[in-house]
Amino acid sequence: MRLVQLILFALIVVLQVRYWFADNGYVDNQRLATEIGLQQDELRVLQVKNDLLRARVDDLKSGNDAIEELARQDLGLIRPGEIFVMIHSEPAAP
């Protein structure tokens, strides 16, 4: 009878070790759940960036106002009769 109890106890210990520490065990599943959460957060950030980029592309495709604004900001283009003024700020003294 004592031998059967020892065998059953050993079986329980082996099964518990496999449950907690084996591949696809509890610890591994918790690590994967954490990793999935981090990936989902990163995905949300990237989706927001993509939405902003899509809106910008739609603005550029829809009319000349967005193209004109972009040309003025990035290239310094002006309309005939306008005067371009650039103000340089002095670096702060230490």
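Coordinate-derived values only; no laboratory data. Small disclaimer: the values here were computed from a predicted structure and weren't measured. With ideal geometry, Cβ positions are generated from the backbone for all residues, glycine too; neighbour counts draw on all protein chains shown.
I'm checking my understanding of the structure. Among residues of the stretch 48-80 that are surrounded by 10 or more Cβ atoms within 10 Å (Cβ to Cβ) and polar (S, T, N, Q), which one is nearest to residue 17 (Cα to Cα)?
Here the answer is 50.
Is it true that some residue in the stretch 14-34 is within 30 Å of residue 79 (Cβ to Cβ), hydrophobic (A, V, I, L, M, F, W, C) and in a helix (DSSP H, G or I)?
Within the stretch 14-34 (the criterion being within 30 Å of residue 79 (Cβ to Cβ), hydrophobic (A, V, I, L, M, F, W, C) and in a helix (DSSP H, G or I)), the answer is no, since none of the residues qualifies.
Does residue 14 qualify as being surrounded by fewer than 10 Cβ atoms within 10 Å (Cβ to Cβ) and either farther than 30 Å from residue 87 by Cα or among the aliphatic types (A, V, I, L, M) (or both)?
no
Can you confirm whether residue 79 is touching a helix residue (DSSP H, G or I) at 6+ places or on another chain (Cβ under 9 Å) and assigned to a loop (DSSP other than H, G, I, E, B)?
Criteria met by residue 79.
Would you pick out the residues in the stretch 1-56 that are closer than 30 Å to residue 67 by Cβ and polar (S, T, N, Q)?
47, 50
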